[in-house]
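Working notes, structure below.
The values are calculated or read from the model by the stated rules, or taken from the named source; none is laboratory data. All values derive from a computational prediction rather than experimental measurement. Quick reminder, even Gly has a Cβ in these numbers, built from the backbone with ideal geometry, and neighbours come from all protein chains shown.
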Amino acid sequence: MSFPSSLRYLCAAVALCAGASLWAGEVEVLHYWTSGGEAKSVAELKGMMALRGHSWKDFTVTGGGGQNAMAVLKQRVLAGNAPAAANIKGPAIQEWAELNVLTSLDAMASFERWDEVLPKVVADQMKYKGRYVAVPVNVHRVNWLWANSAVLKKAGVASLPKTYDEFFAAADKIKAAGFVPVAHGGQDWQDFTVFETVVLGVGGAAFYDKALVKLDRAALASDEMRKSLEVFRRIKAYTDDKSPGRDWNVTTEMVINGKAGFQFMGDWAKGEFLAVGQTPGKDFTCSAAPGTEKAYTFNVDSFAMFQLKSWEAQKAQGYLAYLLMGKDFQEKFNLRKGSIPVRLNMPMDKFDECAKTSSKDFVTTSASGTLVPSVAHGMALSSSQQASMRSAVSEFWNNDKLTVNETLSKLLAVSAPKQK
Ligand code: GAL
């Protein structure tokens, strides 16, 4: 890690030094935020950088969930041409830090008291060997069920489903009324997003933690896991035949436009509803997915900062890190992104009902021990374990001939101790 540059960050950030233009530089940022709502969120950030004279260079790799972006990032870093910052999350931050390509943000973190303004569960993920190497920007909740209010009304669904029995009863009504009950994009990360939400709803947070986070073998082979796979498979019958390969935001559009009733997705989906002027509680609803009201799967977007050679680029990078943790950015960005600020004690009055619920539930589930990391969104497992789980679950979703038992064995194999 390059510690001298850490001091430069601090200098650049708090503007101890000189006027804006003298301090301006270019910052190249890898991200995959290309949907309508996401692009509006990034525009806030670009605008704030520009106010200080820094120029922003997009390094955009399309593909929801960021898998494509991570593959391209690897090639760039291996070629010795890292961007200034990249949207990297969870244990992957540690994997990159271990390669000694990230820069330390400790001087700024201690000056700006990041330890005091971040939830500990988040701060810990941003650190490598106790030092900050990444900056968090938000908290997304993953275990949501989105619904089109008019579709539910036309189908005669009076209340949002709290159990899977209620969910399937509602889905039947929506189908009978001529709509697609469940909008789903058949890509492996979207399959896993639905799957982990079902596991949480069927088995509860403690089970989710044992099975998907700790990869406990008894939990992975249990009846709860069997039941989760069965419920997951049952959902497929309520999706449309154009689902395979469809992007998540195109899928959300089906709910926005009243073609479909429900979508299981994290609250970046809300960014899409908001971007086209829809209002929560009126045009659409957000509710915890069946059985998950008292639990919360979190997904924190964060930017890891890479070691850079040029002094100008380091200055712009330092300012970016400073900006990302600031109250102004955290509010403006998250109002568009669908997430909530990761900074503690931020006023929530400008946020909508979904965000207020998310903020309240983040605190209560954290206290009750039912706040769990999203596996689908890279918050819990190593990249390779995550990839194996993802492919087992997607194969099960796509191939009706694969049995629950076969899939349970594949999941168990992920937890097997490595052969030496
Ligand atoms: C998540 C990411 C969100 C959003 C979504 C769709 O993994 O945390 O910020 O971008 O994927 O790409």
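Observations on the model:
- Within the stretch 246-278, restricting attention to residues that are touching a helix residue (DSSP H, G or I) at 6+ places or on another chain (Cβ under 8 Å) and free of Cβ contacts under 8 Å to residues at least 40 places away in the same chain, the residue that is nearest to residue 398 (Cα to Cα) is 253.
- Residues in the stretch 59-68 that are assigned to a helix (DSSP H, G or I) and under 14 Å from the mean Cα position of the chain (by Cα) were compared, and the one that is farthest from the ligand (Cβ to nearest atom) is 67.
- Cβ-Cβ under 6 Å pairs, at least 6 apart or on other chains, the stretch 212-239 side farther than 26 Å from residue 371 by Cβ, far side modelled with pLDDT of 95 or more and β-branched (Val, Ile, Thr): 238/182; 239/182
- With respect to the stated conditions, residue 320 fails to be more than 30 Å from residue 81 (Cβ to Cβ), in contact (Cβ under 8 Å) with a residue 60 or more places away in the chain and hydrophobic (A, V, I, L, M, F, W, C).
- Count of the stretch 244-290 residues which are basic (Lys, Arg) and over 14 Å from residue 183 (Cα atoms): 2
- Search result, residues across the stretch 104-160 that are polar (S, T, N, Q) and free of Cβ contacts under 8 Å to residues at least 24 places away in the same chain: 110, 159
- Here the condition is being buried (at least 19 other Cβ atoms within 10 Å of the Cβ), within 16 Å of the ligand (Cβ to nearest atom) and assigned to a helix (DSSP H, G or I); of 44, 38, it holds for 38 alone.
- For the stretch 47-58, a residue qualifies if it is out of contact with any Gly (no Cβ under 7 Å at 6 or more places or on another chain), in a loop (DSSP other than H, G, I, E, B) and either closer than 20 Å to residue 248 by Cα or not small (Gly, Ala, Ser) (or both), and exactly one does: 52.
- Condition broken by residue 246, with the remaining ones in (1) surrounded by fewer than 24 Cβ atoms within 10 Å (Cβ to Cβ); (2) away from the ligand (no atom under 14 Å from the Cβ); (3) assigned to a loop (DSSP other than H, G, I, E, B) satisfied: (2)
- Scan of the stretch 83-97 for residues that are out of contact with any Pro (no Cβ under 8 Å at 6 or more places or on another chain) and within 11 Å of the ligand (Cβ to nearest atom), ordered by number: 87, 88, 89
- Scope the stretch 50-71; condition of a type in the set (A, V, I, L, M) and farther than 27 Å from residue 94 by Cα; matching residues: 50, 51
- Qualifying positions in the stretch 287-303 - under 22 Å from residue 151 (Cβ atoms) and in a strand (DSSP E or B): 287, 288
- Which listed residue, of 164, 128, is modelled with pLDDT of 95 or more and within 30 Å of residue 242 (Cβ to Cβ): 164
- Selection status of residue 110, under 19 Å from residue 326 (Cα atoms), in contact with a strand residue (DSSP E or B) (Cβ under 8 Å, 6 or more places away or on another chain) and among the hydroxyl-bearing types (Ser, Thr, Tyr): no
Per-residue answers, yes or no, for (1) at pLDDT below 95; (2) under 30 Å from residue 101 (Cβ atoms); (3) buried (at least 24 other Cβ atoms within 10 Å of the Cβ); (4) of a type in the set (A, V, I, L, M):
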{"site": "309", "(1), (2), (3), (4)": "yes, yes, no, no"}
{"site": "314", "(1), (2), (3), (4)": "yes, yes, yes, no"}
{"site": "317", "(1), (2), (3), (4)": "no, yes, yes, no"}
{"site": "335", "(1), (2), (3), (4)": "no, no, no, yes"}
{"site": "345", "(1), (2), (3), (4)": "yes, no, no, no"}
{"site": "356", "(1), (2), (3), (4)": "no, no, no, no"}
{"site": "365", "(1), (2), (3), (4)": "no, no, no, no"}
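- The residues of the stretch 69-82 that are more than 15 Å from the ligand (Cβ to nearest atom) and either closer than 20 Å to residue 248 by Cα or touching a residue at least 60 places away in the same chain (Cβ under 8 Å) (or both), listed by number, are 77, 82.
- The single residue among 117, 157, 151, 142 that is within 16 Å of the ligand (Cβ to nearest atom), of a type in the set (Val, Ile, Thr) and at pLDDT 95 or above turns out to be 142.
- Candidate set from the stretch 292-306 (those that are within 15 Å of residue 88 (Cα to Cα) and away from the ligand (no atom under 16 Å from the Cβ)); member that is surrounded by the fewest Cβ atoms within 10 Å (Cβ to Cβ): 306
- Residue that is nearest to the ligand (Cβ to nearest atom) [pool: residues in the stretch 252-286 that are assigned to a loop (DSSP other than H, G, I, E, B) and more than 18 Å from residue 155 (Cβ to Cβ)]: 266
- Qualifying residue in the stretch 213-224 (condition: within 16 Å of the ligand (Cβ to nearest atom) and either out of contact with any Ser or Thr (no Cβ under 9 Å at 6 or more places or on another chain) or assigned to a helix (DSSP H, G or I) (or both)): no
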